[in-house]
Amino acid sequence: LYITVVGVILAMFPATLDETIIATSMNVIASEFNSQADVTWLATSYLLTMTAFSPIYGKLSDIFGLRLTMLTSIFTFMVASLLGALSPGMVYLIVFRAISGVAAAGLTSLALIAISKITPEESRGKYLGYLGVLYAVTGVLGPVIGGILTDKASWRWNFYLNIPLCVVAFAIIYFVLRVPVPRGSYWSKLKRVDYVGIVLFIGAVVIFLLALQWGGKDYAWDSATIIGLLVGSAALMAIFIWYELRWTPEPTFELHLAKVRNVWVSCLLGFTIGWVLLVIIYYIPLYYQYVHQYTAMPAGLQLLPFLIPLNVIAIAAGFITERWGCYKLVSVLGLALSALGTGLFYLISAEVSVAVVGVALGFAGLGVGLSIQMSIIPAQQQVGFALISQVTSFISFTRLIGGVFGISVVGAIINNTLESQAQTIM
């Protein structure tokens, strides 16, 4: 069991690390390829495909089997990373980053599914807590590791780094992971895939995420472009729901699960925690850089008051739930502490001391640590083992899209505040 868990963690590590690893090397890449205008797509392409594809892997693992789906995702991610490292131009690199995002969606969702299926229910929270810690830590380590590799070697090593990790993870999953294989020929399994539903859902999500990425930055929120994207996304999602309910013989998502209380509450909790986690990781270092004139490394280190309690309490929460099973209490307490920590951010200004910000980050870290994986288990318990894959992958999706939504909304608020203050000064 422990070797398998290590393999799952190694598979998930490069996928989550790649969300932020190029943050400190994008300018170098843009200069080498003389393509400043397209550089933001290096991050956007990965995030778009990772978020959009993450919920479909639950159903794919039910059809083709967890082990095969996971091995395919690892291999695809490894090949895309190699091709990204060898890219001769910006367009190639963006395309390979997008393909990496598709595979990373599988690695993150399938890691949660694998842990949920191979561990006893009473100790599942402990192992899911480890994955939650990994997700939070790699978000901060990514820019640091990327900056070191870019300075000491080359930005291409940001992608070469993934290859040995994928090789080891592939070997462990191939030789150690033993889960039931669905019956039927490969051809019969291909015919079970809901291709139309997948295309409709991914199209709706990608268009929605583009609106979030561009809104308030490249286009005004009330511009025809953003409104058109949001309307188009809503229309595609409506067609998707109609198609899933009326036409497809084997839907990608069991939409009746939305009526299950623990499922929709878990999705809401996942969305909230994703929002809090990524907003803190993304904007707190920027606060220290722009307000207190910190350089990148010291600014990143200011996240330690957030990360240390998050890591400790996430692991502790796993042991607590293993012994007493109080998932609801742990989740509610986590939300309360997250609300307290983020509420204290209202006090942050240029005059506030680092200690005050650290206290706020500490409470937020405790809250996120308690809640980051606890939301999954009650939903899994209520739907039963047969639907674990679909429920787990969709909750993972809500956390990702919560992070994207949070970054976009908070970014818009910050931009509007800065613009209004600039106009007041002038």
### Query
If ASP218 satisfies every condition in (1) free of Cβ contacts under 8 Å to residues at least 60 places away in the same chain; (2) under 19 Å from the mean Cα position of the chain (by Cα) but one, which is the exception?
(2)
### Task
Please enumerate the residues belonging to segment 347-401 that are outside any helix (DSSP H, G or I) and under 22 Å from LEU286 (Cα atoms).
ILE348, SER349, ALA350, GLU351, VAL352, SER353
### Task
Could you run through segment 20-40 and say how many residues are modelled with pLDDT of 85 or more and not β-branched (Val, Ile, Thr)?
5
### Task
Could you pull out every one of the helices (runs of 4 or more DSSP H) wholly within segment 20-86 that has 3 or more residues that are outside the structural domain of GLY402 (by TED's automatic domain parsing) and closer than 30 Å to GLU244 by Cα?
41-53, 57-64, 66-85
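Conditions tested, residue by residue: (1) over 24 Å from SER408 (Cα atoms); (2) surrounded by 21 or more Cβ atoms within 10 Å (Cβ to Cβ).
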| site | (1), (2) |
| --- | --- |
| GLY274 | no, yes |
| VAL291 | no, no |
| TYR294 | no, no |
| GLY300 | no, yes |
| ALA317 | yes, yes |
| LEU337 | no, yes |
| VAL352 | yes, no |
| ALA364 | no, yes |
| GLY367 | no, yes |
### Task
State which residue is modelled with the highest pLDDT when the search covers only segment 77-122 and only residues that are under 30 Å from GLY318 (Cβ atoms) and of a type in the set (S, T, N, Q).
SER100
### Query
Under the condition of being of a type outside the set (A, V, I, L, M, F, W, C) and in a loop (DSSP other than H, G, I, E, B), which residue from segment 247-264 is nearest to the chain's Cα centre (by Cα)?
THR252
#### Entry: Among the candidates LEU329, LEU344, residue that is hydrophobic (A, V, I, L, M, F, W, C), free of Cβ contacts under 8 Å to residues at least 40 places away in the same chain, assigned to a helix (DSSP H, G or I) and closer than 28 Å to GLY216 by Cβ
LEU344
### Those residues of segment 127-152 which are in contact with a Phe, Trp or Tyr (Cβ under 9 Å, 6 or more places away or on another chain) and over 15 Å from GLY318 (Cβ atoms), in sequence order
THR138, GLY139, VAL140, GLY146, LEU149, THR150
### Message
For segment 239-248, which positions are without any contact (Cβ under 8 Å) to a residue 24 or more places away in the chain and closer than 21 Å to SER393 by Cα?
### Response
ILE241, LEU245
### Task
Collect the residues in segment 43-85 that are over 16 Å from ILE21 (Cα atoms) and hydroxyl-bearing (Ser, Thr, Tyr), keeping them in residue-number order.
THR49, THR51, SER54, TYR57, SER61, THR69, THR72, SER73, THR76
### Task
Would you point out the residue of segment 41-89, among those that are of a type in the set (Phe, Trp, Tyr) and closer than 14 Å to SER389 by Cβ, that is surrounded by the fewest Cβ atoms within 10 Å (Cβ to Cβ)?
PHE64
### Message
Of everything in segment 377-401, what is under 21 Å from THR69 (Cα atoms) and of a type in the set (A, V, I, L, M)? Give them in sequence order.
### Response
ALA386, LEU387, ILE388, VAL391, ILE395, LEU400
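The values are calculated or read from the model by the stated rules, or taken from the named source; none is laboratory data. Every value quoted in this text rests on a predicted model; they were computed, and no experiment measured them. Here the Cβ is made from the backbone with ideal geometry for all residues, glycine too, and neighbour counts use every protein chain on show.
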